[in-house]
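Worksheet: the structure to be examined is printed underneath.
The values are calculated or read from the model by the stated rules, or taken from the named source; none is laboratory data. Since the model is a prediction, treat every value here as computed from it, not as a measurement. With ideal geometry, Cβ positions are generated from the backbone for all residues, glycine too; neighbour counts draw on all protein chains shown. The protein model used for the area step is the full one, side chains on, heavy atoms only, and it has no ligands, DNA or RNA in it. Shrake-Rupley method; radii C 1.70, N 1.55, O 1.52, S 1.80 Å.
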Amino acid sequence: MVSALVVVLSVLGHSKQPVTTPWTDTHLSPDARAAAWVKAMTLDEKLSLVHGYFATSDKGTVPKEALIGAGYVPGIPRLGIPALFETDASLGVANQLDARKGDVATALPAGLATAASFDVQLAYDGGAMIGSEARAKGYNVLLAGGMNLTREPRNGRNFEYLGEDVWLAAKMGGAHIRGVQSNNIVSTIKHFALNAQETGRMVMSANIDEAALRESDLLAFELAIEDGRPGSVMCAYNRVNGVYACENDFLLNQVLKKDWKYPGWVMSDWGAVHGVEGPLVAGLDQESGQELDSQIFWGAPLTEAVKAGRVKEAQIDAMVHRILRSIIAVGVVDKPVPVKPQAIDYASHAPVAQRTAEQGIVLLKNQDELLPLGAELKSIVLIGGHADVGVLSGGGSSQVRSTNGTPVEVPLTKGASASFCRITWHGSSPLKALQARLPEAKITYDDGTDVKRAARVAKEADVAIVFATQWTTEASDVKDLRLPDKQDDVIEAVAKNNKRTIVVLETGNPVLMPWLGKTRAVLEAWYPGERGAEAITRVLFGEVNPSGHLPMTFPASEKQLPRPSLDGWDAAVKAESGKPEDQVKPFDVKYDEGADVGYRWFAFKKHKPLFPFGFGLSYTKFAFENVRSDGKKVELDVTNIGSRAGAAVPQIYATPPGGRARLVGFSRVMLNPGEKKHVSFDVDPRMLAKYDTVGKGWIVAAGAYTFTAGQDAMDKGVSAQVRMEEQRLVP
């Protein structure tokens, strides 16, 4: 019966000769399936996959079937190749300027909060949550996986990333990517590489020698790629050693594809392509958001270049193969995203955001154990930061419109970010959270705009809590690390009038604290996400024992930084005039600190920071003992010697012979009072090695290595020493 039906359909013209479709055979490898697909495609079909639309473009070029978001690459229905629906999603499914009217998502805290938790599982959970929401909304590519190390503490985009340390960023970033891709959708890793500041990001050249680059920023990407296996790498806007990152043969071909054997595809950042043949030869596989480039380079111009023989079709085949291989390997093909949006259980996702905020809050000061606060308080005044209605969010492409609303949105009138972001607060009210916690107490709010009034109301309260904010955003940096809008003056005045003053910082970077000695307690809450107020309240009252640790050094002044002034700042400010002659010209930034990023620079220069990398207090105390190592593994015992349950975060720093210490391991260990646990860490030999640019590989030098278990980068802790033989490793 079936055979007869096939014959009839064939006669009627509804069927051609049977076509084998090996790309649907799930028993074949992703490479074999991708190769079969490429073989079946026409040249025009191949070319259609290597450039994509900016899916919120106002130029009228985007196909109607595209979802409003960051990008869209049409599929090939004839062969069952799915379209790529791309969205920004560092901290949740983004929706800048409410482009998708009324569409909300769960808003995680800043990436720095995740990093401050030192909790790899938490990073995975956050990625899995975001990925599930993106999938339910119909997106199958997330522009997540921000990995740029904090070389410039004034960088407006640091809040999205994971701090200054190679090992911490790599482990947290890799876990986040794995979480996203557990939903059978692609996560990128970005921005490759050295996108360390936003000022002049389209023209600046980040200059550094190869060995230092391999031992720092590139090593963080390498380790995260090995762990997370992202489907795509997004190259950066900036130049690296004079060559744009998206047409940088050293980065894309030599390092990523040859040395690391990365099998996925390289997509450009939106507006980061500058030519047709140059980027292609250098290793770029896909032009993203084509309308944002000066022209659509990989549309008609690339087609003409192929037909004229300047670009071989085999090169296009290789690019398309990488794209197809990734979407097969991740599961986009075999488990496609739903055609229609699916219901999302936001109530079950909110605890992920709250838990991230709680574990990422860092207790920086707690003089005379003012915290945790008690139920006996009769009056509390909250001052500043719009703490009556919400908590601050970072700006730019990562902006999420959270499920609990946006009570404050301030439009921007100038600056590079004005076209796509606003200063936004999530609707999580510290005032309401504290009132719910102490319903019998008098809890009031003052906006902090009048210094004298703030001081007066502070004097009348049992406790004064100042919410100090520093807004940062993609496309702009901050000139310095001072709190803006005279907030330092407010804190000084409040602390003078109330000896029980607490400062809660909502910042995307380190800040200077000229008032530190006059306040009793300080919490760094970062941008705490849509459940930030609840998390802050639980930490203040001891329902959660603070366990966050700084993922970046807080300097005592900008003079301690490798570059005391921000390169390109004056030119960028002048360019805001809008005059063509004032546009930012190409300039160089020399990263003379090399591989000594963050705390390693401070150790090299013997600077004493305001707070070191890894620093974080608790309401209990921990002891580390019995440290031992064979160079491949480090073991120790961790004991809670205080009176409260809490999470210890032992950090293992390795000091090579004649070198500087760097983090090679960390763990988050929950302990009840008096409880002891044995923990161990495997040591990746690359974290002990120097890169040999002549022999093209890693060398672990022979000699004595010290492994120190400490509670921050400056803690002498307890150590073990081991002698090691020389090792040579491939890239």
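List every residue whose amide H lies under 5 Å from the amide H of residue 163, counting only residues 5 or more places away in sequence or on a different chain, with H placed 1.01 Å from N in the peptide plane.
Those lying under 5 Å, H to H, from residue 163 are 150.
How high is the FRET efficiency between residue 29 and residue 543 when r is their beta carbon distance and R₀ equals 51 Å, given to the nearest 0.05?
E(calc), rounded to 0.05, equals 0.50.
How much accessible surface does residue 604 have with a 1.4 Å probe, in Å² rounded to 10?
Its accessible surface works out to 100 Å², give or take rounding.
Can you tell me how the range 660-731 classifies by the Cα gyration tensor, rounded, prolate or oblate, using a/c under 1.5 as the rounded cut?
Taking the square roots of the gyration eigenvalues as a ≥ b ≥ c, the range 660-731 is prolate.
Considering only Cα-Cα distances, which of the following residue pairs are longer than 25 Å: 171/258; 559/590; 414/590; 261/312?
With Cα atoms farther than 25 Å apart: 414/590.
With just the Cα atoms defining each centre, how far is the range 307-343 from the range 117-163? Give it in Å.
Cα centroid of the range 307-343 versus Cα centroid of the range 117-163: 23 Å apart.
Can you list the residues, at least 5 places off or on another chain, whose amide H is less than 5 Å from the amide H of residue 611, using H built in the peptide plane?
554
Determine the percent antiparallel among the DSSP beta bridges restricted to the range 145-277, to the nearest 5.
15 percent
Note down the magnitude of the dipole of the range 59-152 about its Cα centre, charges +1 on Lys and Arg C-beta and -1 on Asp and Glu C-beta and zero elsewhere, to the nearest 20 debye.
For this selection, approximately 420 debye.
If I model a spin label as a point 7 Å beyond the Cα along the Cα-Cβ vector, how far apart are those points for residue 304 and residue 369 in nm?
Computed distance between label sites residue 304 and residue 369 equals 7.7 nm.
In nm, give the distance between the simple-model label positions of residue 412 and residue 343, each being 7 Å from the Cα along the Cα-to-Cβ direction.
Result for the modelled spin labels: 3.9 nm.
May I ask which residue of 216, 468, 243 lies farthest towards the positive end of the charge dipole of the chain, with charges of +1 (Lys, Arg) and -1 (Asp, Glu) on Cβ and the Cα centre as origin?
Farthest along the dipole direction, towards plus: 468.
Over its Cα atoms, what ratio of radius of gyration to 2.2 N^0.38 Å does the range 412-542 give?
Ratio of Cα Rg to 2.2 N^0.38 Å: 1.10.
Ordered by residue, what ³J(HN,Hα) values in Hz, to whole numbers, does the range 328-340 give under the Karplus form 6.51 cos²θ - 1.76 cosθ + 1.60, where θ = phi - 60° and Gly and Pro are x?
6, 4, 7, x, 4, 6, 7, 10, x, 5, x, 5, 10
What is the distance in Å between the Cα centres of the range 652-679 and the range 517-562?
Taking the Cα centre of the range 517-562 as reference, the centre of the range 652-679 is 22 Å away.
Tell me the accessible surface of residue 322 in square angstrom (1.4 angstrom probe, heavy atoms of protein chains only), to the nearest ten.
40 Å²
Loop-only trypsin sites (Lys or Arg not before Pro) in the range 402-479, please: DSSP not H, G, I, E or B, and at most 12 other Cβ atoms within 10 Å.
Answer in residue order: 414.
Kindly identify the range 209-280 as rounded, prolate or oblate by the Cα gyration tensor criterion: order the square roots of the eigenvalues as a ≥ b ≥ c, call it rounded if a/c is under 1.5, otherwise compare a/b with b/c, prolate if a/b is larger, else oblate.
oblate
Report, please, the projected area of the range 412-483 averaged over directions, based on the convex hull of its C-alpha atoms, in nm².
6.8 nm²
At a probe size of 1.4 Å, how large is the accessible area of residue 534, to the nearest 10 Å²?
In the full protein context, residue 534 sits at about 70 Å².
Distances longer than 17 Å among the Cα atoms of the range 238-284: what percent of all pairs is that?
Every Cα pair in the range 238-284 considered, those over 17 Å come to 25 percent.
Per 0.36 nm of contour for each residue apart, how much would the distance between residue 243 and residue 721 grow if the chain were fully extended, relative to their Cα-Cα spacing?
Gain in length upon complete extension: 167.8 nm.
With all protein chains present, how much of the accessible area of the chain (probe radius 1.4 Å) comes from carbon and sulfur, to the nearest whole percent?
53 percent
Using only the alpha-carbon atoms of the range 31-117, report the extent along each of the three principal axes, biggest first, to the nearest angstrom.
Here the Cα extents, ordered largest to smallest, are 47, 35, 17 Å.
Restricting to DSSP H runs of at least four residues, report the calculated mean residue ellipticity at 222 nm for the chain, -39500 (n - 2.57) per run over all residues, nearest 500 deg cm²/dmol.
-7500 deg cm²/dmol
What number comes out for accessible area per residue over the range 579-640 if the probe is 1.4 Å? Units Å², please.
Result: 50 Å² of accessible area for each residue.
On a 0 to 90 degree scale, rounded to 10, what angle separates helix 166-181 from the longest Cα axis of the chain?
With rounding to tens, the tilt is 50 degrees.
For helix 346-360, what angle does its Cα long axis make with the longest principal axis of the chain, in degrees from 0 to 90 and rounded to 10?
Relative to the chain, helix 346-360 is tipped by roughly 50 degrees.
Relative to the first principal axis of the alpha-carbon coordinates of the chain, what is the inclination of helix 120-137, with its axis defined by its Cα atoms, in degrees from 0 to 90 and to the nearest 10?
50 degrees
Full-extension gain between residue 729 and residue 556, please, as 0.36 nm times their residue separation minus the C-alpha to C-alpha distance.
Here the answer is 58.4 nm.
Measure up 365/479; 365/459; 365/518; 479/585; 432/621; 137/335 against 23 Å on the Cα-Cα distance and list the ones that go over.
Cα-Cα > 23 Å for 365/479; 432/621; rest within.
Using the basic label-point model (7 angstrom from Cα toward the beta carbon), what is the residue 44 to residue 499 distance in nanometres?
A separation of 8.2 nm, rounded to one decimal place.
Whole number in Å², please: accessible area per residue of the range 141-291, 1.4 Å probe, ligands, DNA and RNA not counted.
Each residue of the range 141-291 exposes 18 Å² on average to a 1.4 Å probe.
Could you tell me what a quarter of the Cα convex hull surface of the chain works out to, in nm² with one decimal place?
That works out to 34.9 nm².
Return the unpartnered cysteines for the chain, using a Cβ-Cβ cut-off of under 4.7 Å.
421
Can you classify the range 527-606 as rounded, prolate or oblate using the Cα gyration tensor, where a ≥ b ≥ c are the square roots of its eigenvalues, rounded means a/c under 1.5, and otherwise it's prolate if a/b beats b/c and oblate if not?
oblate
Could you give the length gained by full extension between residue 98 and residue 585, i.e. 0.36 nm per residue of separation minus their alpha carbon distance, to one decimal place?
172.0 nm
Based on the alpha carbons, how large is the Rg to Rh ratio for the range 257-320 when Rh follows Kirkwood?
0.96
Give the residue list of trypsin sites (Lys or Arg not before Pro) in the range 244-304 that are DSSP loop and have at most 15 other beta-carbon atoms within 10 angstrom.
Loop-located and lightly packed - 261.
List the residues, sorted by chain then number, that are 5 or more residues from residue 500 or on another chain and whose placed amide H is less than 5 Å from its amide H.
464
Mind putting a number on the dipole of the chain about its Cα centre? Charges go on the C-beta only, +1 for Lys and Arg and -1 for Asp and Glu, and I need it in Debye to the nearest 20.
For the chain, the charge dipole is close to 640 debye.
Out of all DSSP beta bridges with both ends in the range 42-143, state the antiparallel percent to the nearest 5.
Roughly 65 percent of the DSSP beta bridges within the range 42-143 come out antiparallel.
Once all Cα-Cα distances of the range 594-672 are split into 5 Å bins that start at 0, what whole-number percent is in each one?
3, 12, 20, 20, 18, 16, 8, 2, 0
What Kirkwood Rh does the range 175-312 have if only Cα atoms enter the pairwise 1/r average? Answer in Å.
Result for the range 175-312, one decimal place: 15.4 Å.
Which ³J(HN,Hα) values in Hz, rounded to whole numbers, follow from the phi angles of the range 476-493 under the Karplus curve 6.51 cos²θ - 1.76 cosθ + 1.60, where θ = phi - 60° and Gly and Pro get x?
Computed from phi, the couplings for the range 476-493 are 9, 10, 9, 5, 8, 9, 7, 5, x, 6, 6, 5, 4, 5, 4, 4, 4, 5 Hz.
So if R0 is 56 Å, what FRET efficiency would residue 485 and residue 260 give, r being the distance between their Cβ atoms, rounded to the nearest 0.05?
Computed FRET efficiency for residue 485 and residue 260: 0.80.
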